[in-house]
Amino acid sequence: MNLRQLRAFVLIAEHGSIRAAARALFVTQPAATRSLRELEQSVGAELVRRSARGVELTVYGEALYKRAVLILQEARRAQEEIGQMRDGEGGTLNLAFSSAALTVLPAALAAFRARMPRVAVAFNEVAPPYSHEQLESGRYDFLVQTEYDGDIDDGFARATLFTLPLAVGARAGHPLRHARSLAELHDALWLLPGNLQAPANLLRLAFAAHKLPAPRDVIPCQSIAVALAIIAESDALGIFVRNLFDHSLLPRGLRMLSLAHELPAARVSILTRADSPPTPAAQCFIDCLLDARAGTADAGAPGPRPKRA
């Protein structure tokens with residue numbers, strides 16, 4: 001078993017076609033087929049099966065695929081780490097961010113590019129559970145996500161960037177704009193970024209903190225920009241970190257409701273894989289985030305720095 005064979009196998013699995021995988025590898029179809037057959041001989045099991053829909057993974061192929069993706073990502077990270085240690089060159093940081101981190105992200109990015117100008121950076125929006133799967137597989141270097149302010153046991157290493165109170169947002173002129181409690185908002189339509197069943201479901205936790213059942217009329221929305229646009233032009237409500245209401249991303253027609261009681265705090269956390277230390281570039285970006293956080297006077301108390309492995 002070698003990296004060439006694993007790379008061919010992963011692309012065959014992801015494309016569902018040996019021909020498409022060969023194109024992605026810039027090799028001939030017979031060469032891609034040969035790599036696959038060599039890998040099957042090495043593990044002693046059939047990994048793919050041809051069907052009317054193309055190529056499908058066998059049960060053995062499914063098991064190997066998860067490991068192969070991780071092996072390839074770790075090999076990439078190891079190569080990039082050596083280059084970054086040697087001369088600061090090489091590699092790409094693939095990151096996922098919650099909108100709650102927008103107050104510190106621009107300054108952190110500017111500082112990072114000044115320190116490591118040759119490392120490319122790609123940003124994604126946090127969308128559990130997909131983003132967690134990408135972090136687990138090594139495709140994301142780290143996540144910055146909003147979650148409830150409590151212990152979460154999901155196998156990831158985490159450090160607090162900052163903690164913020166939550167607030168409810170609605171359009172100007174909303175029929176419930178004068179509501180003073182969550183109980184008055186229970187039957188409204190809510191838009192909630194993220195996965196409704198995730199531990200970081202801030203809406204469910206906010207209602208539970210006041211001994212109220214979770215709202216029934218909830219639309220999950222993975223994009224914060226889409227959620228804000230809909231809320232600003234409809235009677236839907238949303239729950240966000242309070243600092244978002246001071247950000248230029250907020251539509252002009254959206255307002256924060258003045259509730260008579262406090263909502264639970266949300267924690268903005270940096271998540272990394274517990275079994276794989278960040279590359280020098282990833283650690284540098286994390287340090288830049290924490291430095292930017294320390295320079296933001298009105299964002300709350302800073303969290304601890306993640307420890308280097």
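The values are calculated or read from the model by the stated rules, or taken from the named source; none is laboratory data. In this text the structure is predicted, and so the values were computed from the model without any measurement. With ideal geometry, Cβ positions are generated from the backbone for all residues, glycine too; neighbour counts draw on all protein chains shown. The area values use the complete protein model at the heavy-atom level, side chains included, leaving out ligands, DNA and RNA. Shrake-Rupley method; radii C 1.70, N 1.55, O 1.52, S 1.80 Å.
Of all residues being out of contact with any strand residue (DSSP E or B) (no Cβ under 6 Å at 6 or more places or on another chain), not aliphatic (A, V, I, L, M) and not in a strand (DSSP E or B) in the stretch 143-162, which is least open to solvent (accessible area, probe 1.4 Å)? Just the residue, please.
Ranking the qualifying residues of the stretch 143-162, first place goes to Gly150.
Could you tell me whether any residue of the stretch 266-289 is more than 30 Å from Ser137 (Cα to Cα), of a type outside the set (A, V, I, L, M) and assigned to a helix (DSSP H, G or I)?
No - not one qualifying residue is present in the stretch 266-289.
Identify all residues within the stretch 199-227 that are buried (at least 20 other Cβ atoms within 10 Å of the Cβ) and touching a Ser or Thr at 6+ places or on another chain (Cβ under 9 Å); write none if there are none.
Those that are buried (at least 20 other Cβ atoms within 10 Å of the Cβ) and touching a Ser or Thr at 6+ places or on another chain (Cβ under 9 Å): Ala200, Leu202, Ile224.
Among what's in the stretch 235-254 and is part of a strand (DSSP E or B) and among the hydrophobic types (A, V, I, L, M, F, W, C), pick the residue that is modelled with the highest pLDDT.
Only one residue fits best here, namely Leu237.
Sort through Ala21, Ala96 and tell me the only one that's part of a helix (DSSP H, G or I) and either of a type in the set (Ser, Thr, Tyr) or open to solvent by less than 50 Å² (accessible area, probe 1.4 Å) (or both).
Ala21
Matching residues to (1) assigned to a helix (DSSP H, G or I); (2) closer than 29 Å to Thr272 by Cα:
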| site | (1), (2) |
| --- | --- |
| Phe9 | yes, yes |
| Glu38 | yes, no |
| Glu46 | no, no |
| Ala63 | yes, yes |
| Arg67 | yes, yes |
| Ala78 | yes, yes |
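Using the structure shown, decide if Ala281 is of a type in the set (Gly, Ala, Ser) and closer than 30 Å to Ala108 by Cα.
Yes; evaluated as a whole, the condition is true for this residue.
Give the residues of the stretch 34-54 that are over 15 Å from Asn2 (Cα atoms), at pLDDT 85 or above and open to solvent by 20 Å² or more (accessible area, probe 1.4 Å), sorted by residue number.
Passing the criteria: Ala45, Glu46, Arg49.
Can you tell me which condition Lys66 does not meet? The list is (1) open to solvent by 90 Å² or more (accessible area, probe 1.4 Å); (2) more than 33 Å from the chain's Cα centre (by Cα), and all the others hold.
Failed condition: (2).
How many residues does the stretch 106-133 hold that are closer than 19 Å to Ala75 by Cβ and crowded, with 19+ Cβ neighbours inside 10 Å?
Residues in the stretch 106-133 being closer than 19 Å to Ala75 by Cβ and crowded, with 19+ Cβ neighbours inside 10 Å: 1 in total.
Restricting attention to the stretch 246-278, which residues are among the hydroxyl-bearing types (Ser, Thr, Tyr) and exposed (fewer than 14 other Cβ atoms within 10 Å of the Cβ)?
Matches in the stretch 246-278: Ser248, Ser258.
Being open to solvent by less than 10 Å² (accessible area, probe 1.4 Å) and of a type in the set (Gly, Ala, Ser) is the filter; apply it to the stretch 230-245 and report the residue that is nearest to Leu263 (Cα to Cα).
Ranking the qualifying residues of the stretch 230-245, first place goes to Gly238.
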